[in-house]
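Quick note: the coordinates plus some simple rules give every number you see, no bench work behind them. Note that the coordinates shown come from a computational prediction; the quantities given were computed from them, not determined experimentally. Glycine also receives a Cβ, built like all others from the backbone with ideal geometry; neighbour counts cover every protein chain displayed.
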Amino acid sequence: GDSVTQMEGPVTLSEEAFLTINCTYTATGYPSLFWYVQYPGEGLQLLLKATKADDKGSNKGFEATYRKETTSFHLEKGSVQVSDSAVYFCARGTGFQKLVFGTGTRLLVSP
Amino acid sequence: DGGITQSPKYLFRKEGQNVTLSCEQNLNHDAMYWYRQDPGQGLRLIYYSQIVNDFQKGDIAEGYSVSREKKESFPLTVTSAQKNPTAFYLCASSTAGNTEAFFGQGTRLTVV
């Protein structure tokens with residue numbers, strides 16, 4: 001079935017370090033791909049998305065490129081800030097208008 | 001401001017009781033969803049509704065019930081049949097034919 005696999009956390013970085021959070025998805029069809037962010041005690045916010053192969057989603061310095069050949073949608077940021085500390089979820093759409101989520105990756109950024 | 005409102009933010013329930021979580025949206029979205037979040041398990045789909053008066057079971061529907069009498073509202077009832085109801089519950093909505101979902105702030109349910 002449809003699934004998403006993302007790297008386990010926590011990912012611990014110092015401020016201004018480079019961030020990569022890996023995400024791969026099952027290759028059924030041509031799904032839309034998403035990254036959501038969750039701050040403590042809150043709901044999920046859409047961070048970025050890509051709807052077709054080779055699309056690059058970007059927002060707030062974060063980027064992810066839809067790679068059909070490797071079925072990946074890795075999240076990157078060139079210089080993280082303390083305020084980026086949160087849990088990040090990778091997700092893919094399905095043919096039934098639903099989202100399937102990865103298990104989430106906690107990011108901790110220290111000053 | 002358009003958005004999704006979940007209430008209450010925190011909810012305590014005694015064992016054996018049913019409890020209803022509220023979800024209201026003013027985004028004019030056709031589809032609405034309920035997810036459950038447990039530590040280390042990501043989000044799991046409980047129920048979803050693509051249109052008023054219709055809904056489908058998700059991956060973990062046992063012990064839960066929903067209704068969709070109005071486009072704006074999709075309440076979730078956690079029944080006494082749900083064996084382990086303590087969790088963070090998230091409601092979401094999307095436009096027709098679109099998987100991009102918008103989320104509420106969540107309700108944390110604790111069984112005491």
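Of all residues in region A:51-66, those satisfying the criterion of being more than 24 Å from residue B:3 (Cβ to Cβ) and either touching a Ser or Thr at 6+ places or on another chain (Cβ under 9 Å) or within 14 Å of chain B (Cβ to nearest Cβ) (or both) are A:52, A:54, A:55, A:56, A:61, A:64, A:65, A:66.
For region B:25-56, a residue qualifies if it is within 11 Å of chain A (Cβ to nearest Cβ), buried (at least 20 other Cβ atoms within 10 Å of the Cβ) and polar (S, T, N, Q), and the qualifying residues are B:37, B:49.
If you check residue A:34 against the conditions, is it under 13 Å from the mean Cα position of the chain (by Cα) and within 11 Å of chain B (Cβ to nearest Cβ)? The answer is yes for residue A:34. Does residue A:58 meet the test of being over 12 Å from residue A:33 (Cα atoms), among the hydroxyl-bearing types (Ser, Thr, Tyr), in contact (Cβ under 8 Å) with a residue 24 or more places away in the chain and out of contact with any Phe, Trp or Tyr (no Cβ under 8 Å at 6 or more places or on another chain)? Considered against the rule, which asks whether it is over 12 Å from residue A:33 (Cα atoms), among the hydroxyl-bearing types (Ser, Thr, Tyr), in contact (Cβ under 8 Å) with a residue 24 or more places away in the chain and out of contact with any Phe, Trp or Tyr (no Cβ under 8 Å at 6 or more places or on another chain), residue A:58 comes out as no.
Taking region B:50-112 as the region of interest, the strands (runs of 3 or more DSSP E) fully inside it that hold 3 or more residues being under 15 Å from residue A:99 (Cα atoms) and touching a residue at least 60 places away in the same chain (Cβ under 8 Å) are B:87-94.
Quickly run through region A:99-110 and pick out the residues that are surrounded by fewer than 22 Cβ atoms within 10 Å (Cβ to Cβ) and not polar (S, T, N, Q). Correct list: A:106, A:107, A:108, A:109. Out of curiosity, is residue A:86 touching a Lys or Arg at 6+ places or on another chain (Cβ under 9 Å) and within 12 Å of another protein chain (Cβ to nearest Cβ)? No: the conditions fail for residue A:86.
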